[in-house]
Structure formats: structure tokens, C-alpha cells
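Comments concern the structure below.
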Amino acid sequence: MSIHFKQRALVAACVASFAASPALAQTEINVVGFGAGFAWADLFGATGAEKTQKLLDFEKEHDIVVNMEFADEDVARQKVLLDLVNGTGDYDLVMLGSDGAVQTFSAAGYLEALGPYLETAPDLFDPAKVYPPFLEANTVAGELYALPYYSFGAGAVYRKDLFDKYGISEFPKTTEEMATALQTLKDGFAADGITDVYPLTMRGAPGEEPSLDLNGFVYAYAGYPAWFEGGPTTPEEIKASKAQPIFTGDFKEGFSTFVNWSREYGPPGIAGHTWVDMMNLYAQGKAAILFPSAINAFAGIPSSEVPEVKEFSAFAPSPAGPSGKVVQSFWTFSVGVSAFSKNKQEAYEVLAFLTSEDVMRDFAEVIGWPYTTYPSIMHSPTLTDKWPTEMLDQIEASFYDADPHYFPYIPELTEFMDHIGTAASSAISGAQTIDEALDELQSWATERMDRAGYYK
Amino acid sequence: MVAIRLQDIRKSYGPVEVIKGVSFEAEQGEFVVFVGPSGCGKSTILRMIAGLEKPDSGEIYFGDDRYTDVPPGKREIGMVFQSYALYPHMSVADNMTVSLRLAGVPKTDRRKRAVEVARMLKLDELLDRKPAELSGGQRQRVAIGRAIVRDPKAFLFDEPLSNLDAALRVETRLEISRLHQQINTTMIYVTHDQTEAMTMADRIVLLDAGQVVQQGTPLELYRNPANLFVATFLGSPKMNVLDVAAVSRDGTTAQLTMAGASHVSVTLPSPETADPKSIGVRPEDTRIVPEGEGVLSGTIISAEHLGSEVLVHTETAAGQIIAKMPPDFSAHAGDTVWVGFNVARAHLFDADGLTINNHARQ
Amino acid sequence: MLRDWRFWFFLPTLLALGIVVLFPTGYLLWMSLAHWIITEPGVYFDGLANFRTLFRSASFYDSARVTALYLFFSTVIMMVFAMLMALALQHSRSGILRSAIVLPLVIPPVVAGFTWRFLLNGEIGFLGAWLFPMVGLDVNMLSNPSGALVSVIIADVWSRTPFMFLIFLAALQGIPRDYYEAVRLDGATAVQEFFTVTLPLMRSAVAVALLFRVVDAINTFELIYVMTKGGPGRATQTLSLLGWKTAFQNYDLGGAAALGVVMLVVTTISAGIMFARFMRKA
Ligand SMILES: Nc1ncnc2c1ncn2[C@@H]1O[C@H](COP(=O)(O)OP(=O)(O)OP(=O)(O)O)[C@@H](O)[C@H]1O
Ligand SMILES: [Mg+2]
């Protein structure tokens, strides 16, 4: 999950460190991240090893030296974890995802709560100016732990030409209509003898990645984050009610739908697909709908060599499930201050700069996708010149529609996401039936929660 | 009966012709030694007999049958390699009976044969050891045993003694000779050591640069070398060779003048023979003599006391000369002495190095 | 011993070895006995609890089974391929051919994994979407549980065979020609020659290759992670992937260390067996 970048395929590991340290008195702030040449290309250049004038100006003004260390995503994540576990404080700023890292590390006391710092650099970062859900996604137990850099909400990107061809006049508004539309597409392709275009592309690889989308289904079908009895989303709530896992209960319908749609309407290899495959299939014109992490379609469209993909791709809001809630897929990629940093104030200043409107505008300019963390950028020529206003409005609406807490914010989040995703992959591949996969998940979760001391 | 016959064998490696038309015959039961300087092609010829190399042209016969294209495994040849090529992972018994195992002979029969051969080679105690646990001489015997086990039509040895120390070499030499008498199979033996050739061979084939220079019994070659090369190759210490500066002839008598104004008078086989250009005298026909009786004067460089004799090395105007003297001869380095020759036994060579006179009677 | 100069001579080496080998191993052992789960703050000695949890978890046995299958098949196939290639090329002087064979060795496992993943992809991959269907192979390699295991084995064989090939080639070229000639004179067929001379004389090379292979296979991570993430489901989740998940997804450092200790023991025992079996003095 998270943002993996295309270059990653070939760039195994790239570590850049800066030897330059002009004056000894200056504070050095070390940052670890991934996606060299993509993340903050406006500051660190295409190689991730340069410093642009903009960054140099910031350093000069604040008397801080920013040392950016890029690594392959998994390597970066491991570095962050090991650095935090050992409490070295070597990295002042660490990249985090809202799919577990923020929740786990904050609970473990590895992250500095940012509330007190927000007032210290209002000219760089003003929380009132960004979309609230992106801050909420980084908020655990009322405390903000990270600032959003790159975020997205749910939605579908679909091929209008194919919809028109098979007489579907508008994109489904409910999952029920969606199932009908998928069947129509499937029948249509079959009748036309089209075997290499699939109605739907999603992701079903084992691990935590597909969970982000899958849990969006669960939320839409159950109407709440259906992991534990009564839908508690914090450790305190779970402990108070001793809520047991309900993976064989309310969780099941959304899970089953995800698995069945993958099997029925998805590409044959979907049980191993990640966001990359999802993106490639859509970009190559081999899928009619990409859903619910629309961002992955936008990542692929610019480089598509299929004219219809470029011409007829349209965005649609995520359809609502039986509960009335829409299918979620929400994630924010953020940066937090290490609790072990020796220069937290300066670290925060760098963080505020890295997530500032100015820097984010340049970033939006560079990648050109219709996503940003600032409403002001969303409605500025940076994006309106490239995308239809109507689409931008719909995407913005999806941010507001999002419930970042559509899964519980517990320290064990990553572990749960992993097990849930692996169960889905198993069921999609046919290695297990849905019931077998969920029974196993349920008993693992019960044991795990018990071991973690939730029911004492 | 002829056991092995080579007929005008030629072989090149790339552009270099290393065997330049070799023909030869080995009689049934004969012990033939191929001798010659390093690189002259001895191993190559042996390997062609074994079938490990293919001649470019020429034919190989075993008995009356053409074997030129027969694969090595079908030639029934026992070969002993210089390295012995014993398999380190097999016991002595297994090493010796590899050929039987490959031929599908049952284990008990193999063991029986191994014991038989081991007894012949005094290896009975060692049958279950691995090669690493044997001495050099023992390994050597195992290698021979491996060749014997299959009752080959002929044995081929490629410098089998070169990995042994001097004493063991002499001993093994005798053992191989004894073995030959015992089993009376044709043996072809390659060496660059003339002593081995002289002591073991029924017949020596002397090679140089891929060609047969001379063949015959050791004594024939020793006494009547066909040319200067043969003359100097066989015999230890080497034959003394002096350049002839001037010749004055009277019928079959010739007065030879060498460097340092020394003279000898020799008898030529006929008045028509070419002028001798060099004269060779073996050390045993060379003497240190009282002043005036000798041909040349020289200075003693060193004297090697071998017990049974003394080898006296002298530096003369005509070059270094070695004389073999009785054991009680006393010589001191630096002494000026006179050197004399038994001229009747001198070898005369023409400008091409070919022998002019013959010593058939001796 | 202290009087022997050799002791002092080797002392620095011994110390260095102790620090390099023993310290991390000791640390791993300690971690495996500790309750160290980031989601449950607090690090304390917890006896064999991690091992108990490990030996009770289904995913451990599952991963052990996958690892065993993966180890066995990849090793056998690799050995056969490497041996055949070494035999075929032992007399060849073609540097180009040899470089071509060795090429996969210099490609990082991550890149190799990505490449195979794209090649085998059932929708757009050259092999998966074109070649296999063309020859009537209608199976989606990467999303089928056994297909995925076969796929990672193929990729691993592709990327690691050259290493074994090099070991075998060096060993082959080190066998003196006399051995072959002796056995040929004894009338051996090519097959007999291989089993009488070649294989026995390569014994220690085979053992070394096998040793490297076992350690390598047990520790293969990137290739599988990139190709299948251990999936579909847990079909290709080997012990090393499980270890990674335990540490970096479950944040259970103690549990991961316990698994590490188990893997260390298994690797050491297999290596020991191999040593005893093949490296004994011939
Ligand atoms: N495989 C080969 N390729 C090229 N040249 C070779 C090969 N084998 C032998 N030669 C050359 O052929 C010539 C004869 O070699 P051979 O081994 O027969 O010599 P030899 O008389 O046995 O010498 P030695 O006494 O040193 O063993 C040598 O010049 C050698 O360099
Ligand atoms: Mg030789």
C-alpha cells in the first residue's frame, strides 16, 4: 500500500547523504524517506541527492541543515522502526503511513505529539488550511502525531466508452447497482468475445496492502468498522466493553463481496496484485473500472499508451453499501517527529516546511495528479488547468465523505491489516474458502487480542 | 610376432607439427623404451597408442588388426600415468579393480583378482587403505596393479618413476623389469632419463623433435650412435666432444688439429669419407696422464669422488673435458694436468653431426 | 598455551571473530527470550514464551512446510542445471557464453523478482499472458497457490544457478585429465565416467555448493517478497518472510528473534549434517 513509486522497480536502494555542513553551529535535521526523485522533487531534485534553491533559502533563513536520506520503501520503513525502537534519535523526522505506523508508534511513545508545536510556525503550516480528514487520520486518541504529505480518498475511475457501449448510462451509486453493472460488463465482454479486458481491477496480494480497500467494503456493508463487537475503534473502547472480534460476524459480508467481486470480475492474477498491477492493468486498457483506490488509476493514466484510457477515463464517487455508507479507501502518507529527536523544535520547523502549502503546490505541479492536501491548491490553476472542475469537486467531496477511522486505531493495526489482507488473498486464490479464511482470522484475532491483554 | 606397429604417424596441435612421421614396431613381449628430451613428443606417441589422441595421419596396428580408430576402452591397454591417477575416494582394492567393476564383474570375483595382483606387487596388506595413506612407491605399485588387473595386451608407462626419490627409483626400476620378465607382456615405457632407458630397455627408440633418430638395443645405441645427438644424449657423464679445427689426411689416416694446437691421429673407415668436424670420446675412454703423454693440457675444476671411480672435470683450450679415473686417483682443483684419449674408441662426426666411423667390432 | 607465541598471534583474530559472530548471536538469543512487542510497551525477560507462541502458531508450521518444499525443489533443480551446464561448458573457451550464464548473478534479487513478476503476470506478462496460453498452459502462475511456489522456484533457480555453476565449473576444471583418461582406458561409458570420476572428485565442491544453497534458500527474502509477498494467501510465505512480517508488520521483535534462533539452529544442523556427510576426508 502506501505510495510506491514506479522508479522503485529498478532502483533497489538509494541512499543519499549530504556531506555539506557549512557551519558547525547550525542544527542538522535528518529525515528518512522513500521515493527519491518523486517525493519532494522540488526540494531534492530528480536524483533526490541535490538541494534546490528553495531548500537552500529555507536552510539559510532558519539556520538549519536538512539531511534527506532516501531508501527503498521497505528499507526506509525498517530503518524507521529500528531507529525508533532503539531510541537513537538519529532520525529527527520519519515517514509514516496512517495504516498502522502512526497508530503503533504513537502508542509506543515513539512519536512527539505535535499539538504544542502547531503555533510555533504558523507561516509554514497552518492546520486550518488543510483538509481536516487528513489531520484526523494522523490523530490518535485526540493527539496529532504527523502532518500529511500525500493523501487520498475513495472513488472509482472507469471507462465511459465501455459503459456507453454496454448501455450503462451512469456510474452506480450503490454497491447493488455496481454488482449489476459489473455483471453487465462481464456479459458484454463475453458476448463480444473480449477475453483480455476485465470489468474490475482491485488489489488482492497478501499482506496489509489490499486491506485498505477491503476494509472500505466492510465499512460500507456493516455501516461501521466491523472488527469488534459494537464497532469500537480505540484500545480504551475495546477494553471497556471487552469487545470480541467479529470477523465471522458483521465483518463477513463486506469481505465476501470483496473476494467475490475479485474472483468474478477481476483479472485472474488478482490474488497477487498490488497497486502496481492495478495501475498497469487500467493504464493498458484491460479493465473497465478501477476501484476503490482511484488514485492508482490517476497514477497510471498519464503514461498510458491506450488512447481510449486517456480520452474516456472518468471519476465517480465511491458507491454506497447497504448501510448507506460509501466504500472507503483512505490513506495518508505523513511525516512525524521522533520522540527521541534532540532538536524537536527545529525538526518541527522542517516538517512544517515540508508539508507547507508552498511545497505542496510544487509537488502537485510535478506529479500532476488530482490530489492534494490543501483546498487552496485543489481550486487553483495548478490543478484546474489540468483537470475538469467537476472531477476535482467530486474528489474533494470524497475527502469529506471519508471516515479516516473506518478501521480501529489500535497499536496492533498493521498486524491485523496483514492478516486480513492475507486471508482475502487466500480466499481469492481459492486456497481457502471464505469461511475457512474467516474462521482462521477470527481465531487468530481472538488469541491475539487476548495475548495483548485487552480482555483482562 | 609384432604386437604394436605404428606406420608413419603424424600429429599437429594447431599449426605446430609435433609428431613428424613416426614408424616403429614392438615385438610381442618386448620392453621398448621411448626416450628423448622434454617436449620431443614421447607422451603424444604413447597417448596415440592408447587411443587418447587421434593421429592426423598414419596407422596403428595391434597384431594384424588396424586399431587406428578403436576407442581407448576397447584397446585392452594398461596404462600407468606419471601422476598415477589413483581415485582418492576409493580403496586400493577398488582402485585396482575399477575396470572390472565397469565391466560388470561381481564383487567377490573382483576382490579375488585384487588379492592375486596385490600379492604379486606386495600390496596385500594395503588393500583397504585409501591412496592418501600410501607412500609414493606404494601408490606407484597400485597404479601398476590397476594396469595388471585387466590382463592387458600391452602396458604403457609414461614416466612412471619421475615422482619417486632416487633410491626408490632404482628399486622400482628393477621391480618393473622383474615384472616384465614374470608376465612377459609387451611394455612401452616413456622416459627422458637415459639411465632408465639404458637399464630397462630391450630396445630403445630415441626421439628428437617428433622424429625417431635411432632405435636399437641400448648397447647398439651406446656404442654406435648414429649422430652427435644420440652420442651425447646417452651415457652419463656425457661424451666429451671437441671441435676439429683442421684435418690433414693420408689415405684412411687423418691428423686432426683441435683448439690449443693439440693433435690426434685417427683412422677413417675409407679414404672417401668426409672430413671429421668433431670428435667425441666418452669419459671412460679419457684419462688424466703424465705430462707429454696427453693430447691437451688443462686445469682441474673439480673432482667427483663416486667411490667406485673419480670424475675429473678439466678446463682445456678445447672446452670442458671429463675423465673417469680409478677411485684412488688424487686430484686437486687448480692442478694443471694432461688429458689423453683412447683414440681407438673415438667417435668422428661430419659437418652434419652424422657419425663417420663405426665400432661394430667392439 | 599462553607461552605459545601462536596464541598471541591469533588472539586478535579470535577477539574479532568473537565480537563479529558471538555478540550478534548472543543478542539474538537474548531477544528471543524477551517480551519485546512494540505494541505492548515494555521490554522484559519472558522465558520461552516466544518459542511457545511460535510453536503453537499455524503460520510457523505452514511456513516451515513452504520453506522445506522451496528448499528441496529449488536445490535439486539448481544442482542438476548447474551440473549439466558446467559439464557442457567445461571445455568451452567462449567468454561470451559464460558471461551470459553468469549474468543473473549480478542482478539484484529485487530486480530479478520484479522482472519475473512482470514476465509471469497472467494479464500482461510476456510468459504469463502470451507464451503459456499459446502452448496451452492455462494457469495463472502467480495467483495459483502451487503455481506461485513454482514461480518463485523458477526465478530463484534462474538467479542462483550461476553461482553453483561457477563452483562446479571450477571444481570440474580442477580435476586432472589423467583421471578421465585412466577411466576411459578402463572402458567407461560417459555415464560411468561421471559417476566414477567426476562426481566423487567434486564431492567437496558439491558440499560447499549445497551448504551455500541451504543457507541461501532459508534466507531468501527479497525475491519472494517482491514476486508474491508470500502469497497468494500464505502459499509462498517462507520462514524468512514470516520473520520479516513478525518483526516489521507485527512489531514483535522477540517473536521474530525466536524464529531467527529456530532458523539458525535448523541451518546449523543442516550444515553440520552436510559437512559430516560430504566433507569427511576422502
Ligand atoms: N594438447 C596439446 N596442445 C598443444 N600442444 C601440445 C599438446 N600436447 C602436447 N603438445 C605439444 O606437443 C609437444 C610434444 O609434447 P609431449 O607431451 O608429447 O612431450 P614429451 O616428449 O612427453 O615431453 P616431456 O618429457 O616433457 O613429458 C610439446 O611441444 C607440447 O608442447
Ligand atoms: Mg611427457
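The figures follow:
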| read-out | value |
| --- | --- |
| Single residue of the range A:113-122 satisfying the filter (more than 22 Å from the chain's Cα centre (by Cα) and not in a helix (DSSP H, G or I)) that is farthest from the other protein chains (Cβ to nearest Cβ) | A:Pro122 |
| Options C:Ser92, C:Ser99; residue that is of a type in the set (S, T, N, Q), in contact with a helix residue (DSSP H, G or I) (Cβ under 8 Å, 6 or more places away or on another chain), without any contact (Cβ under 8 Å) to a residue 24 or more places away in the chain and at negative phi | C:Ser92 |
| Scope the range B:175-193; condition more than 20 Å from B:Glu76 (Cα to Cα) and either part of a strand (DSSP E or B) or within 16 Å of ligand 2 (Cβ to nearest atom) (or both); matching residues | B:Thr191, B:His192, B:Asp193 |
| Within the range B:76-88, considering residues that are within 15 Å of ligand 1 (Cβ to nearest atom) and assigned to a loop (DSSP other than H, G, I, E, B), the one surrounded by the most Cβ atoms within 10 Å (Cβ to Cβ) | B:Phe81 |
| Qualifying position, being surrounded by fewer than 18 Cβ atoms within 10 Å (Cβ to Cβ) and more than 14 Å from chain A (Cβ to nearest Cβ), among C:Ala86, C:Ala68 | C:Ala68 |
| Among residues of the range A:40-72, those that are within 20 Å of A:Asp92 (Cβ to Cβ) and within 14 Å of chain C (Cβ to nearest Cβ), counted | 1 |
| All positions within the range B:39-49 that are more than 9 Å from ligand 1 (Cβ to nearest atom) and not β-branched (Val, Ile, Thr) | B:Met48 |
| Residue in the range A:210-226 that is part of a helix (DSSP H, G or I), among the polar types (S, T, N, Q) and more than 14 Å from every other protein chain (Cβ to nearest Cβ) present | yes |
| Set B:Gly14, B:Gly41: member being more than 16 Å from ligand 2 (Cβ to nearest atom) and at pLDDT below 95 | B:Gly14 |
| Boolean, B:Leu52 is within 16 Å of ligand 1 (Cβ to nearest atom), of a type in the set (A, V, I, L, M, F, W, C), within 14 Å of chain C (Cβ to nearest Cβ) and touching a residue at least 40 places away in the same chain (Cβ under 8 Å) | no |
| Qualifying residue in the range A:146-159 (condition: among the β-branched types (Val, Ile, Thr) and touching a strand residue (DSSP E or B) at 6+ places or on another chain (Cβ under 6 Å)) | yes |
| Checking B:Ala118 against (1) under 20 Å from C:Phe194 (Cα atoms); (2) more than 15 Å from ligand 1 (Cβ to nearest atom); (3) crowded, with 18+ Cβ neighbours inside 10 Å, the condition it does not meet | (1) |
| Helices (runs of 4 or more DSSP H) within the range C:1-77 that include 2 or more residues modelled with pLDDT of 90 or more | C:23-32, C:49-56 |
| First in the range B:154-166 and more than 13 Å from ligand 1 (Cβ to nearest atom), second anywhere and among the acidic types (Asp, Glu), Cβ under 9 Å, 6 or more apart | B:Ala154/B:Glu76; B:Leu164/B:Glu171 |
| Candidates B:Leu161, B:Leu221, B:Leu156 - the one that is crowded, with 19+ Cβ neighbours inside 10 Å and in a strand (DSSP E or B) | B:Leu156 |
| Every pair of residues 6+ apart whose Cβ atoms lie under 8 Å, when the first sits in the range B:322-342 and is surrounded by fewer than 10 Cβ atoms within 10 Å (Cβ to Cβ) while the second is assigned to a strand (DSSP E or B) | B:Pro326/B:Val310; B:His332/B:Ile300; B:His332/B:Ala303; B:Gly334/B:Thr299; B:Gly334/B:Ile300 |
| Flag if C:Val157 is of a type outside the set (Asp, Glu), within 25 Å of C:Thr67 (Cβ to Cβ) and buried (at least 23 other Cβ atoms within 10 Å of the Cβ) | no |
| Residues of the range B:16-60 satisfying the condition of being touching a helix residue (DSSP H, G or I) at 6+ places or on another chain (Cβ under 6 Å) and of a type in the set (D, E, K, R) | B:Glu53 |
| From the options B:Phe31, B:Phe24, residue that is farther than 16 Å from B:Pro160 by Cα, within 20 Å of the chain's Cα centre (by Cα), more than 16 Å from ligand 2 (Cβ to nearest atom) and more than 14 Å from every other protein chain (Cβ to nearest Cβ) | B:Phe24 |
| Per-region count, the range A:75-125, residues farther than 27 Å from A:Phe407 by Cβ and free of Cβ contacts under 8 Å to residues at least 12 places away in the same chain | 5 |
| When residues of the range A:275-318 are limited to those that are in contact with a Gly (Cβ under 7 Å, 6 or more places away or on another chain) and in a loop (DSSP other than H, G, I, E, B), the one surrounded by the fewest Cβ atoms within 10 Å (Cβ to Cβ) | A:Val306 |
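Matching residues to (1) among the acidic types (Asp, Glu); (2) in contact with a strand residue (DSSP E or B) (Cβ under 7 Å, 6 or more places away or on another chain); (3) surrounded by fewer than 18 Cβ atoms within 10 Å (Cβ to Cβ); (4) not assigned by TED's automatic domain parsing to the domain that holds A:Asp57:
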| position | (1), (2), (3), (4) |
| --- | --- |
| A:Ser323 | no, no, yes, yes |
| A:Ser334 | no, yes, no, no |
| A:Ser338 | no, yes, no, no |
| A:Gln345 | no, no, yes, no |
| A:Tyr348 | no, yes, no, no |
| A:Phe353 | no, no, no, no |
| A:Asp358 | yes, no, yes, no |
| A:Phe363 | no, no, no, no |
| A:Trp369 | no, no, no, no |
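Quick grid of which residues meet (1) at the interface with chain C (Cβ under 10 Å from one of its Cβ atoms); (2) within 16 Å of ligand 1 (Cβ to nearest atom); (3) in contact with a Leu (Cβ under 7 Å, 6 or more places away or on another chain):
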{"site": "B:Tyr13", "(1), (2), (3)": "no, yes, no"}
{"site": "B:Pro37", "(1), (2), (3)": "no, yes, no"}
{"site": "B:Asp64", "(1), (2), (3)": "no, no, no"}
{"site": "B:Lys74", "(1), (2), (3)": "yes, no, no"}
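The values are calculated or read from the model by the stated rules, or taken from the named source; none is laboratory data. Being a predicted model, the structure only gives us computed values, none of them experimental. All Cβ positions, even for glycine, are placed from backbone atoms using ideal geometry, and neighbour counts span all protein chains on display.
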